[in-house]
Amino acid sequence: MPQLILSSASPRRIDLLAQIGIVPDAVIPTNIDETPLKNEQPAKLAHRLARAKALALTGYDDAYVLAADTVVAVGHRILPKAESEVDAAYCLDLLSGRSHAVYGGIALRLPDGTLRSRIITTKVSFKRLSSAEKSIYIASKEWEGKAGGYAVQGLAASYIRGINGVYSNIVGLSLFDIALILSQCP
């Protein structure tokens, strides 16, 4: 049986896969330029990045290579992966009182070189956040390194009015779609 390599540095993706009994044989993140192309739509960005990550991992031609990317957007405005309190505050200001989309790109490179990929969209509605709620969330540091500046599986869960779509996609990987793709592999 060919190995399964996860091309991701996200511990959340490893934990998600474990929930459905999938343990990668290796975790080997790739380093690609994640800058959006000019006028690139958020869904297309997530799809392109997942595919690029699956293809960038070389030397494992006899393995399945699974890659993913998550993009959070309010309309066509792509939110950053929050690396600072300024980023987190910017994201919270945009998310407050609005709905946004979480786009999950998934790509699986098969040992024969075939690439199977898809984009998953989950809609999320945030309540209007008070200044105190924003301050508390920023102080929590849960936003660090998170696309869109929040973690749905933490304190931000109390800010979410509704979700339309796959919950695990917001965390970092649609388990339904991964299971479906893998079930269709030889």
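Structure above, values below:
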item	result
Test: residue in region 97-111 that is out of contact with any strand residue (DSSP E or B) (no Cβ under 8 Å at 6 or more places or on another chain), in a loop (DSSP other than H, G, I, E, B) and open to solvent by 40 Å² or more (accessible area, probe 1.4 Å)	no
Extreme residue, least open to solvent (accessible area, probe 1.4 Å), among residues of region 1-56 that are β-branched (Val, Ile, Thr) and touching a residue at least 60 places away in the same chain (Cβ under 8 Å)	Ile5
Region 4-55: number of residues that are under 18 Å from Ile120 (Cα atoms) and part of a helix (DSSP H, G or I)	17
Residue among Ser140, Ser158, Ser125 that alone is modelled with pLDDT of 95 or more and out of contact with any Gly (no Cβ under 8 Å at 6 or more places or on another chain)	Ser158
One residue from Glu133, Glu142 being in contact with a Phe, Trp or Tyr (Cβ under 8 Å, 6 or more places away or on another chain), of a type in the set (Asp, Glu) and without any contact (Cβ under 8 Å) to a residue 24 or more places away in the chain	Glu142
Search result, residues across region 76-95 that are in contact (Cβ under 8 Å) with a residue 40 or more places away in the chain and of a type in the set (Ser, Thr, Tyr)	Tyr90
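The values are calculated or read from the model by the stated rules, or taken from the named source; none is laboratory data. Predicted, not measured: the structure shown is a model, and the values here were computed from it. We place every Cβ from the backbone using ideal geometry, glycine too, and count neighbours over all the protein chains shown. Ligands, DNA and RNA are stripped out before the accessible areas are found, and what is left, the full protein with its side chains, is counted by its heavy atoms. Shrake-Rupley method; radii C 1.70, N 1.55, O 1.52, S 1.80 Å.
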